[in-house]
Amino acid sequence: MSLLSIFLFLNAVVFSVHGLPSAELPAFREAPAFRNGRECPKTTWLSSLNNHHDPSIIHIAMTLDATYLRGSVAGVLSVLQHAACPENVVFHFIATHRRADLRRTITSTFPYQTFHLYHFNTDLVKGKISSSIRRALDQPLNYARIYLADLLPMSVRRIIYFDSDLILVDDVAKLWNINLGAHVLGAPEYCHANFTNYFNSRFWSNSACAASLRGRRACYFNTGVMVIDLGKWREGKYTERLEYWMKVQKKYRIYELGSLPPFLLVFAGDVEGVEHRWNQHGLGGDNLEGLCRDLHPGPVSLLHWSGKGKPWLRLDSKRPCPLDYLWAPYDLYRHSTLFCDS
């Protein structure tokens, strides 16, 4: 095989694996400038770089990568569009690769927005990740939410973590201002879900594992929407607690669902319950087929396409689910213009 043939073959592999050439990220239209109303408190985010805490700032963490970038951008736009004080929202983005490219993309798409971009060192989870039922759940960036307390500055004492496949249709300040009480973490809980399904028979047959949940009213919660007290997290060394279960999983394989089960093992039964309206999850179907689903009964503040099916992929394939049309207005993706000679 000639050198040229090898070069072309490798380029084709890069394209097929990532969906885009390695030097190219999706292009997006510039978002409008969202401004505060007169009732919004003035922020002092710059002084927080000197370890000063400003309670009027809403901190939101999200991950960024080429695969989910379109979803992340839509999520950011939805937050800003529905926020009463959008200039008081600061985004903390976490990425593993191509940080310069991602920074340029966010800057050009949201030129008026304050954000920070952090590097997530994948060595932190090297040797701790086990394969799960869906490849996307095995990516190191999926575990970055475990390390927020280490990645973000000490001046950030509370954070909202959002997945990259959701949109808000309500003011994020309402979620930010929930009272966590003595809890480290707040999230919508689903106590009707069969909790035993999140762990396999090896977990339940191991007396030490099963005992870890004894005496707890353990309920399922989705880790794609969480309000976290980072001060209490740091004091309680919760990163180490989650890592412990990752190591147990690596040795005994006690579950099949990526980064979710460690959170359930550490926090279930000790979560500040949030209204279900703040995570209408499962809109991407299950982890295998990604079939269409309806909304849960009740009001909606946040729609979450957790599961295999993602709205941008279904819309592009001309096979959308009905609820995918609710995501579409937040899509800033710049579609290529097609020309044909006549």
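Side notes on the structure shown:
- Cβ-Cβ under 7 Å pairs, at least 6 apart or on other chains, region 125-153 side within 20 Å of PHE267 (Cβ to Cβ), far side modelled with pLDDT under 90 and in a helix (DSSP H, G or I): ILE129/ASP138; SER132/ASP138
- The single condition among (1) in contact with a Ser or Thr (Cβ under 8 Å, 6 or more places away or on another chain); (2) surrounded by 15 or more Cβ atoms within 10 Å (Cβ to Cβ); (3) free of Cβ contacts under 8 Å to residues at least 60 places away in the same chain that HIS119 does not satisfy is (2).
- Selected residue [within 16 Å of THR43 (Cα to Cα), in contact (Cβ under 8 Å) with a residue 40 or more places away in the chain and not β-branched (Val, Ile, Thr)] from ALA84, ALA74: ALA84
- Residue ID - most open to solvent (accessible area, probe 1.4 Å), chosen from residues in region 271-284 that are over 17 Å from SER164 (Cβ atoms) and assigned to a loop (DSSP other than H, G, I, E, B): GLU275
- Residue within region 138-148 that is part of a strand (DSSP E or B) and modelled with pLDDT of 90 or more present: no
- Index of the failed condition, TYR244 passing every other in (1) crowded, with 20+ Cβ neighbours inside 10 Å; (2) at pLDDT 95 or above; (3) in a helix (DSSP H, G or I): (1)
- ASP341 being more than 20 Å from CYS191 (Cα to Cα), outside any helix (DSSP H, G or I) and either at pLDDT 95 or above or out of contact with any helix residue (DSSP H, G or I) (no Cβ under 9 Å at 6 or more places or on another chain) (or both): yes
- Region 176-201: number of residues that are open to solvent by 20 Å² or more (accessible area, probe 1.4 Å), aliphatic (A, V, I, L, M) and modelled with pLDDT of 95 or more: 2
- Checklist (1) assigned to a helix (DSSP H, G or I); (2) touching a residue at least 40 places away in the same chain (Cβ under 8 Å); (3) out of contact with any helix residue (DSSP H, G or I) (no Cβ under 7 Å at 6 or more places or on another chain); (4) surrounded by 16 or more Cβ atoms within 10 Å (Cβ to Cβ) applied to ARG103, failing item: (2)
- Filter result for LEU180 (aliphatic (A, V, I, L, M) and assigned to a helix (DSSP H, G or I)): no
- Annotation note: Cβ proximity below 8 Å between a residue of region 177-206 that is under 20 Å from SER259 (Cα atoms) and a residue that is open to solvent by less than 80 Å² (accessible area, probe 1.4 Å) and polar (S, T, N, Q) (sequence gap 6+ or interchain) occurs for ALA187/ASN222; ALA187/THR223; ALA187/ASN279; PRO188/ASN222; PRO188/ASN279; TYR190/ASN222; TRP204/THR196.
- Yes/no for ALA173 being in a loop (DSSP other than H, G, I, E, B), open to solvent by less than 50 Å² (accessible area, probe 1.4 Å) and small (Gly, Ala, Ser): no
The values are calculated or read from the model by the stated rules, or taken from the named source; none is laboratory data. Remember, predicted model here, so these are calculated numbers, not experimental data. Neighbour counts are summed over all protein chains in view; Cβ atoms, including those assigned to glycine, are modelled from backbone coordinates with ideal geometry. Ligands, DNA and RNA are excluded from the accessible area calculation, which covers all protein heavy atoms including side chains. Shrake-Rupley method; radii C 1.70, N 1.55, O 1.52, S 1.80 Å.
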